[in-house]
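Readers should treat all values here as calculations from the given coordinates under stated rules, not as data from a laboratory. No experiment lies behind these values; they were computed from the predicted model shown. Using ideal geometry, Cβ is built from the backbone for each residue, glycine included, and neighbour counts are taken over all protein chains shown.
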Amino acid sequence: MERSMDICIIGVGNILMQDEGIGPKIAEILRKNYTFEPNIEIIDGGTLGLDLLPYIEKYKKIIIIDVVDFGKEPGFIKILRGEEIPPYLKTKLSVHHVGVQDLLEVARLMGYMPEELVLAGIQPESIDLGLDLSPTMVGKLNELIEEILKILNNWGIKCVLQSLQE
């Protein structure tokens, strides 16, 4: 398959369930407020699950942003790489986690895994119904974004802040 861009960020989660929506929220912030050289693709993966398989197949390097039950305090951030990822997704926080784990298993079985796969995970405070992130998540947005920008910089991507608008 022809690769026009080699790197993709996929923010997954359900925006109707408070902290569950952190992945799509960060994808939106990155898309609106940063430019990347060379260009990368940023996707709001929502709760698409297996429908994200074409993206897994297409890119060499992928960052998935999601809430993860690390068994730690709310707002705890951890970056997982490659084989570290599947065990953390076995603990389901919500319906879409089945999709992410299944997505990675199917991609692995079909030989579609990217050269590098990173999960930027954060421990949620609340996954109750609601459109707003918890105060803990709001307070951790910039820290999680900085972790993602560090990964991109290590991959040779220049990240430029365009504005402070959300």
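Evaluate the distance, in nm, between pseudo-label points positioned 7 Å from the Cα of Leu161 and of Glu73 along their respective Cα→Cβ axes.
It is 2.5 nm.
Exposure proxy check: Asp128, Asp69 ranked by fewest other beta carbons within 10 Å?
Fewest-to-most Cβ neighbours within 10 Å comes out as Asp128, Asp69.
How high is the relative contact order of the chain, in percent, counting Cα pairs under 8 Å that sit 6 or more residues apart?
Working: 331 pairs, mean separation 54.0, N = 166.
It rounds to 33 percent for the chain.
For Ser134, which sequence-distant residues (separation of 5 or more, or a different chain) have an amide H within less than 5 Å of its own amide H, given hydrogens modelled in the peptide plane?
Correct list: Asp19, Ser126.
Under the rule a/c < 1.5 gives rounded, and otherwise a/b versus b/c splits prolate from oblate, where does the chain land using the Cα gyration tensor?
Taking the square roots of the gyration eigenvalues as a ≥ b ≥ c, the chain is oblate.
Pull up the DSSP beta bridges for the chain and report the antiparallel fraction as a percent, rounded to 5.
The antiparallel proportion sits near 35 percent.
Based on other C-beta atoms within 10 Å, arrange Lys72, Lys78 from fewest to most.
The order, fewest Cβ neighbours first, is Lys72, Lys78.
What FRET efficiency do you get for Asn142 and Glu83 if R0 is 41 Å and r is their Cβ-Cβ distance, rounded to the nearest 0.05?
Using R0 = 41 Å, I get an efficiency of 0.90.
Sort Thr136, Thr35 so that the residue with the fewest other Cβ atoms within 10 Å of its own Cβ comes first and the one with the most comes last. Present the calculation step by step, with values, prior to reporting the outcome.
Details: Thr136 17, Thr35 13.
Taking fewest neighbouring Cβ atoms as first place, the list is Thr35, Thr136.
Please compute the modelled spin-label separation between Lys150 and Glu105, points set 7 Å along Cα→Cβ, answer in nm with one decimal.
Roughly 3.2 nm, to one decimal.
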